[in-house]
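Chemist: Dropping a structure here in structure tokens format, bear with me for questions.
The values are calculated or read from the model by the stated rules, or taken from the named source; none is laboratory data. Note that the coordinates shown come from a computational prediction; the quantities given were computed from them, not determined experimentally. Backbone-built Cβ (ideal geometry, glycine too); neighbour counts: all protein chains shown.
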Amino acid sequence: MPIRFEQKPGLVVYLTVGDPDLETTHKVALAALDAGADVLELGVPFSDPLADGPVIQAASERALKAGTKLSDVLALAKELRRERPQAGLVVFSYLNPLLRYGVERFCTDAEDAGVDGVLATDMIVEEAAEYLEHLRRHKLKPIFLVAPTSPDERLKKIAAVTDGFVYAISRVGITGTQSSLAADAAGLVERVRKYTKLPVAVGFGVSNAGHVADVGRFADAAVIGSAIVATIEKVGRAEAPSSIARFIEGLRPAVSAADPAVSQK
Amino acid sequence: MVSGMETLSETTPQQVAGRFGAYGGRYVPETLMAALEELEHAYAEAQKNPAFHARLDDLLHNYAGRPTPLYHAARLTEHLGGAKIYLKREDLLHTGAHKINNCIGQGLLAQRMGKQRIIAETGAGQHGVATATVCALLGMECVVYMGEEDMQRQELNVLRMRLLGAEVRGVSSGSKTLKDAINEAMRDWVTNVRTTHYLLGSVLGAHPYPMMVRDFHRVISKEAKRQILEKENRLPSAIIACVGGGSNAIGAFYEFIPEKDVRLIGVEAGGNGTTLGMHAARFRGGSPGVLQGTYSYVLQDDDGQVALTHSVSAGLDYASIGPEHAALHDSGRAEYTLATDEQALEATVTLARTEGILPALESAHAVAECIRLAPTLGQHEILVVNLSGRGDKDMGILARELKLKGAR
């Protein structure tokens, strides 16, 4: 499946799989896609999420307590692929659960499930040669992060091996909401575009329609994570799918308000 | 073997420095890569700079109290009735443990990089105290992350850090111990990376930390080798050191690695049982994986989730181990054994009452192995125990565990 952003900016929605349980994640995922999300990042819960803020840390803890495993994430992806053939599906994980599962086995199963791409938070390009071989053999797109601190030489290296989209971190720091989008983000997107024709998605701290509109002025897609996860926690199992649908639809005025001339690739 | 492990071990080790056999490397969020490259570069520059070395040597000598004695523990030797025992007295250093060696080195490096804010993690509090000390000395801002459980069991060190002007931030996630403190320090670093140096306290984390921290502790084995040759005109049969992350052990081992007749014995925390969660013996219950930036042995479950650990000593209570130890383990050059909580407590009493030396509970694990091993060896054999720290900080635990109150 190609990863496509039909509207500008596109919407990438992150979910910690298994928080609060797999059934809820499944329903929320469908609701998010039907409300306009282009890509789902299926987050694999990990015991030591050192790049994450308190919201996703707590979600990971709940998901692990509920017994969520990597195999559950892949099973969910398979279901979603069957139910929504056009959705972009990315597995978002820390490295260790993938290593323990076995990278080749993971890639085989992810391909079988219809996953489009894989993002491993703590995998850097210099260490990735064999990881990339496994992914490519199974037609999985390797997605890497670029950060405001990444010098141009690193952006070039990262862009050369990334596929699907480039994930630009909006600011230095961990995941979580913030009141306004850092000025770092636009500069980073501009720099990375020198090295890639791929869409660039901006995440970390993107949490409302205003942020999405801001991102739409200079990037191709916005990644919403902690704001979604926090909403699920707040409203609970029964309300989560409808609340998330409303939340994502609420981002839509911003979606259509973005100037297409600027974000056109 | 899980295929993922083979995958990583074959992942282009030549592309990235900081490999020890299959282990080590760099597994961090991209945001930190520029800082790691900056640190690697600054460290390489400093190593070539005579002024840096002069300042480091001066502080190690006049401030920290190096060289530390290599002390012949005659009463302990007699008590055990076997090998002749020497103690490398890192416990006599300023702040009470070997940790100061690395803190002075990295503190000076941070100064060279123009970073005025220092963050650190601490388990037993010895690294936190040493970091707070060096920050006071160099006039730097200092924030130390410490698990809440460790803050309770090492309260004295929390108070010391605060007195020295450091801010101690309690960490309430996970098991509230060292691993969780490192997670929180990494989160701070990723947020404040432009102004902050992360003064990591062990041979853990992403390259260049395992190499750099080892280099700052090499002085232990440099001195010990010279001292044992002066005193005995021969090398010891074995060097024994406790291993949490493994900084005192790698420092004590390093100069002896080429000396094939010298056994290198690392002692892990056996805690109070062999079940996962009851101990911190990575080479008994662990398998290769990535935790907090490096590829090494990790105590983990079948899904790659990192296990909880237990040890009476906060400084050994950690789910992974320095990658160079993983390589020394796999090559067979070093041996790794364990001592239980109970054995460490007994060793503390034995050393206190035979030599009048109160070891840190961490170091007591090495003493416990010495107590086990010495009687099995002849009197012509020599054992060197790296006494990495002193036990004053542990008085609260010792009072409780040994029921000292009201006892004689």
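Chemist: Just for helices (runs of 4 or more DSSP H) wholly inside the range B:140-219: which have at least 2 residues that are within 14 Å of chain A (Cβ to nearest Cβ) and among the charged types (D, E, K, R)? Even if it seems obvious, please write down each step before you answer.
Modeler: Details: elements: B:148-153, B:155-163, B:178-192, B:209-217.
Hits in the range B:140-219: B:178-192.
Chemist: Confirm whether A:Leu40 is farther than 27 Å from A:Ala219 by Cβ, among the aliphatic types (A, V, I, L, M) and not in a loop (DSSP other than H, G, I, E, B).
Modeler: Considered against the rule, which asks whether it is farther than 27 Å from A:Ala219 by Cβ, among the aliphatic types (A, V, I, L, M) and not in a loop (DSSP other than H, G, I, E, B), A:Leu40 comes out as no.
Chemist: How many residues are within 17 Å of A:Ser243 (Cα to Cα) and either among the polar types (S, T, N, Q) or without any contact (Cβ under 8 Å) to a residue 40 or more places away in the chain (or both) when one looks only at the range A:24-52? Break it down into steps so the answer makes sense when it comes.
Modeler: Step one: of the range A:24-52, the residues within 17 Å of A:Ser243 (Cα to Cα) are A:24-37, A:40.
Next, only the ones that are either among the polar types (S, T, N, Q) or without any contact (Cβ under 8 Å) to a residue 40 or more places away in the chain (or both) stay: A:24-25.
Total meeting the criteria: 2.
Chemist: Here's something else I'd like to know. Using the structure shown, decide if A:Glu126 is out of contact with any Gly (no Cβ under 8 Å at 6 or more places or on another chain), within 11 Å of chain B (Cβ to nearest Cβ), of a type outside the set (A, V, I, L, M, F, W, C) and closer than 21 Å to B:Val290 by Cβ. Talk me through it step by step, then tell me what you get.
Modeler: Working: out of contact with any Gly (no Cβ under 8 Å at 6 or more places or on another chain): yes; within 11 Å of chain B (Cβ to nearest Cβ): yes; of a type outside the set (A, V, I, L, M, F, W, C): yes; closer than 21 Å to B:Val290 by Cβ: yes.
Yes, satisfied.
Chemist: Inspect all residues belonging to the range B:246-260 and state whether any of them is surrounded by fewer than 24 Cβ atoms within 10 Å (Cβ to Cβ) and in contact with a strand residue (DSSP E or B) (Cβ under 9 Å, 6 or more places away or on another chain). Spell out the reasoning first.
Modeler: Here is the first cut: in the range B:246-260, the residues surrounded by fewer than 24 Cβ atoms within 10 Å (Cβ to Cβ) are B:254-260.
Next, from what is left, pick out any that are in contact with a strand residue (DSSP E or B) (Cβ under 9 Å, 6 or more places away or on another chain): B:256-257.
Scanning the range B:246-260, I find at least one residue that is surrounded by fewer than 24 Cβ atoms within 10 Å (Cβ to Cβ) and in contact with a strand residue (DSSP E or B) (Cβ under 9 Å, 6 or more places away or on another chain), so the answer is yes.
Chemist: Now for a separate question. Counting only residues that are among the hydrophobic types (A, V, I, L, M, F, W, C), surrounded by fewer than 24 Cβ atoms within 10 Å (Cβ to Cβ) and either within 11 Å of another protein chain (Cβ to nearest Cβ) or within 14 Å of the chain's Cα centre (by Cα) (or both), how many does the range A:129-143 have?
Modeler: First, the residues of the range A:129-143 that are among the hydrophobic types (A, V, I, L, M, F, W, C): A:129, A:132, A:135, A:140, A:143.
Going one step further and asking which of them are surrounded by fewer than 24 Cβ atoms within 10 Å (Cβ to Cβ), we end up with A:129, A:132, A:140.
Restricting the remaining residues to those that are either within 11 Å of another protein chain (Cβ to nearest Cβ) or within 14 Å of the chain's Cα centre (by Cα) (or both) gives A:129, A:132.
Counting residues in the range A:129-143 that are among the hydrophobic types (A, V, I, L, M, F, W, C), surrounded by fewer than 24 Cβ atoms within 10 Å (Cβ to Cβ) and either within 11 Å of another protein chain (Cβ to nearest Cβ) or within 14 Å of the chain's Cα centre (by Cα) (or both) gives 2.
Chemist: I'd like to check which strands (runs of 3 or more DSSP E) are fully inside the range B:220-324 and have at least 1 residues that are within 14 Å of chain A (Cβ to nearest Cβ).
Modeler: Hits in the range B:220-324: B:287-291, B:294-298.
Chemist: In the range B:67-76, how many are surrounded by fewer than 20 Cβ atoms within 10 Å (Cβ to Cβ) and either over 17 Å from B:Pro359 (Cα atoms) or polar (S, T, N, Q) (or both)?
Modeler: The qualifying residues number 1.
Chemist: Grab the helices (runs of 4 or more DSSP H) fully contained in the range A:153-254, keeping just those with 1 or more residues being under 15 Å from the mean Cα position of the chain (by Cα) and within 23 Å of A:Ser60 (Cβ to Cβ). Don't jump to the end; show me each part of the working.
Modeler: Values: elements: A:184-193, A:209-218, A:226-250.
Here the list reads A:226-250.
Chemist: What pairs can you find where one residue is in the range A:103-115 and without any contact (Cβ under 8 Å) to a residue 12 or more places away in the chain, the other is in a helix (DSSP H, G or I) and not hydrophobic (A, V, I, L, M, F, W, C), and their Cβ atoms are less than 9 Å apart, with a gap of 6+ or different chains?
Modeler: Listed pairs, sorted by first residue: A:Arg105/B:Ser3; A:Arg105/B:Gly4.
Chemist: Now for a different question. Return the only residue of B:His98, B:His41, B:His79, B:His53 being under 30 Å from A:Leu145 (Cβ atoms) and either of a type outside the set (Lys, Arg) or at pLDDT 95 or above (or both). Steps first, answer last, please.
Modeler: Values: B:His98 fails: under 30 Å from A:Leu145 (Cβ atoms); B:His79 fails: under 30 Å from A:Leu145 (Cβ atoms); B:His53 fails: under 30 Å from A:Leu145 (Cβ atoms).
Checking each option against the conditions leaves just B:His41.
Chemist: Restricting attention to the range A:167-223, which residues are at pLDDT 95 or above, buried (at least 22 other Cβ atoms within 10 Å of the Cβ) and among the acidic types (Asp, Glu)?
Modeler: A:Asp220
Chemist: Another question, then. Kindly evaluate A:Ala66 against the criterion of being over 14 Å from A:Ala230 (Cα atoms) and either more than 14 Å from chain B (Cβ to nearest Cβ) or within 17 Å of the chain's Cα centre (by Cα) (or both). Give the steps one after another, and end with the answer.
Modeler: On the way: over 14 Å from A:Ala230 (Cα atoms): yes; either more than 14 Å from chain B (Cβ to nearest Cβ) or within 17 Å of the chain's Cα centre (by Cα) (or both): no.
In short, no.
Chemist: Just give me the residues in the range A:48-77 being assigned to a helix (DSSP H, G or I) and in contact with an Asp or Glu (Cβ under 8 Å, 6 or more places away or on another chain), in sequence order.
Modeler: Step one: of the range A:48-77, the residues assigned to a helix (DSSP H, G or I) are A:54-65, A:70-77.
Those that are assigned to a helix (DSSP H, G or I) and in contact with an Asp or Glu (Cβ under 8 Å, 6 or more places away or on another chain): A:Val55, A:Ala58, A:Ala59, A:Ser60, A:Arg62, A:Ala63, A:Leu70, A:Ser71, A:Leu74.
Chemist: Let me ask something additional. So which residues in the range B:59-99 are part of a helix (DSSP H, G or I), under 19 Å from the mean Cα position of the chain (by Cα) and free of Cβ contacts under 8 Å to residues at least 40 places away in the same chain? Lay out the reasoning, then the answer.
Modeler: Of the residues in the range B:59-99, the ones part of a helix (DSSP H, G or I) are B:59-64, B:74-80, B:90-92, B:94-96, B:99.
Subsequent filtering for residues that are under 19 Å from the mean Cα position of the chain (by Cα) retains B:60, B:64, B:90-92, B:94-96, B:99.
B:His94, B:Thr95 - these are the residues of the range B:59-99 that are part of a helix (DSSP H, G or I), under 19 Å from the mean Cα position of the chain (by Cα) and free of Cβ contacts under 8 Å to residues at least 40 places away in the same chain.
Chemist: So A:Tyr94 clears everything in (1) within 14 Å of another protein chain (Cβ to nearest Cβ); (2) hydroxyl-bearing (Ser, Thr, Tyr); (3) surrounded by 24 or more Cβ atoms within 10 Å (Cβ to Cβ); (4) in contact with a helix residue (DSSP H, G or I) (Cβ under 9 Å, 6 or more places away or on another chain) except one condition, right? Which one?
Modeler: Unmet condition: (4).
Chemist: For A:Thr121, state whether it is under 25 Å from A:Tyr195 (Cβ atoms), within 14 Å of another protein chain (Cβ to nearest Cβ) and touching a Pro at 6+ places or on another chain (Cβ under 7 Å). Steps first, please.
Modeler: On the way: under 25 Å from A:Tyr195 (Cβ atoms): yes; within 14 Å of another protein chain (Cβ to nearest Cβ): yes; touching a Pro at 6+ places or on another chain (Cβ under 7 Å): yes.
It is true that A:Thr121 is under 25 Å from A:Tyr195 (Cβ atoms), within 14 Å of another protein chain (Cβ to nearest Cβ) and touching a Pro at 6+ places or on another chain (Cβ under 7 Å).
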